[in-house]
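The structure appears below as structure tokens.
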Amino acid sequence: MEFINIFIKSAFIENMVLAYFLGMCSYLAVSKSLKTAFGLGLAVIFVLGFTMPINWLIHEFLLSENGLFGMDLTFLKFILFIAVIASMVQLVEMVVEKFSPALYAALGIFLPLITVNCAILGGSLFMITREYNFSETIAFGLGGGFGWFLAIVAIAAIREKIQYSNVPPALRGLGMAFILTGLMGLAFMSLMGIDPALLAGGQ
Amino acid sequence: MAETATVKEAGKTKEPLFGKKEKALITDPLNDNNPITVQVLGVCSALAVTSLVYPSIVMAIAVIFVTSFSSLFTSMLRNYIPKQVRMIVQLVIIASLVTLVELTLKYLNYPIYKQLSVYIGLIITNCIVMGRLEAFSMANKPWRSFLDGIGNGLGYGAILIIVGLLREIFGKGSLFAGSGIAMNIIGPSPDYWINTNESFLFGWYTNNNLMVMSAAAMFIIGVLIWIQRSWNKKLVDVS
């Protein structure tokens, strides 16, 4: 049950984009068309779902005090995490290219750009500050990725429609995207009252 | 672009240490080329820290440090970095500087370190740092890159502090809460987390909780962009 709780919590209630501003750069840059937003969202779920368990294992078995080296090496976490993320993205890119050239062509440049998506590194850092265990980490990775996917697909759909509206020139594009994100954030905030633990019948 | 022009002229004649172009490197990002409102870089990591002014200032200083020194070091190494692995090299430089910042902050001011939590680490993936390294430092001399880094850090910090000021004054009624000079501006209590109903000199204001929520930061930046583009017509999005 804990798995589902954390999934729902990280996807809806504490949405990465709308509550923590993670991954805003690509969120704003890629949300002009629904199709690319959809592809990038899928890629983020994929990368987040893979890197977080790996980073958890590294943190637990290499860097922590009762790890392989028997000393506290956590100050190395930034460098190691970003290296894992960069290489994972590279790997994902190769796998996608091999098995699904169509998806690879659709994602194009956005796949390598996931490396510098704050949501990926942010997920790994949140996992440490919140002291998740392994299965919770997997749930958080998948849930966070799904929340990110949901947010970017929603904003892309809205931005496609708002092109036909008469927005003040100075607000067109970026300014409007910020205000829309704020409104979406308010909408998601209404989910805050939901306690997944109670829904699941637990205490 | 102004940047390509400076690249061409650099190295022709002996440049003054702090001439007009160097000054432009610092002042440009404050308005015409602001990293947040114009280049749309670095919105990612730091908006969550802007609910109070003091963490915003700390964050701004940290980002200025990282942008300036990573630009300096990348620029110094630019002729030795192979093109294919430049991303990794840049990330390692940035990650080492951020580790330095994190440990320093942890030593100097633990409560703020706790409050900023993951956002200090997220300076690594702050697109400003990476974007400036790619766009400027890889093609420019160290001193110019250093100034460019400071300028972009300042432009970023300016937005951060403006948003922080608005959110703290209207959300908590205080100013600089959490620091040594915490003061009550209009709110019910000088100490924002002891939210008593005792009225002080300026206790007439009821805190607006919307400003504390993350959505308010989005609205404020949206409106800032609106104001800036109404003034500065050449920035208006034509698409």
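Computed quantities for the displayed model
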item	result
Residue-by-residue Karplus 3J(HN,Hα) for segment A:115-120, coefficients 6.51, -1.76, 1.60, Hz, glycine and proline x	3, 9, 7, 4, 4, 6
Förster radius 25 Å - calculated FRET efficiency between A:L62 and A:E2, Cβ distance, rounded to 0.05	0.45
Within 10 Å of each Cβ in B:75-86, the average number of Cβ atoms from other chains	0
Centre separation in Å (Cα based) which lies between segment A:104-183 and segment B:102-116	28
Backbone HN-Hα couplings from phi across segment A:170-184 [Karplus 6.51/-1.76/1.60, Hz, Gly and Pro as x]	5, 9, 4, x, 4, x, 5, 4, 5, 5, 4, 4, x, 5, 5
Translational diffusion coefficient (Stokes-Einstein; Kirkwood radius from C-alpha pairs) of segment B:25-130 at 4 °C, 1.567 mPa s, in µm²/s	89
At R0 = 45 Å, FRET efficiency that the Cβ-Cβ distance of A:K98 and B:N208 yields, to 0.05	0.25
Charge dipole (debye, nearest 20) of segment B:42-170; +1 at Cβ of Lys and Arg, -1 at Cβ of Asp and Glu	280
Whether segment B:41-91 is rounded, prolate or oblate, judged on the alpha carbon gyration tensor where a/c under 1.5 counts as rounded	prolate
Evaluated at q = 0.12, 0.15, 0.27, 0.30 Å⁻¹: base-10 log I(q)/I(0), Debye formula over Cα of segment A:83-146	-0.36, -0.54, -1.14, -1.22
Cα shape, chain A, gyration tensor, a/c 1.5 rule	oblate
Listed residue (A:Q163, A:V96, A:S64) projecting farthest to the positive dipole end of segment A:53-167, Cβ model	A:Q163
Under 12 Å, Cβ to Cβ, from A:F7 - net charge with Lys/Arg +1 and Asp/Glu -1	-2
Chain A: most fluctuating residue of A:S135, A:S26, A:S124 per GNM, C-alpha cutoff 10 Å	A:S135
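Each reported figure results from applying straightforward, stated rules to the coordinates on display, with no laboratory input. Note that the structure is predicted; figures quoted are calculated from it, not measured. Using ideal geometry, Cβ is built from the backbone for each residue, glycine included, and neighbour counts are taken over all protein chains shown.
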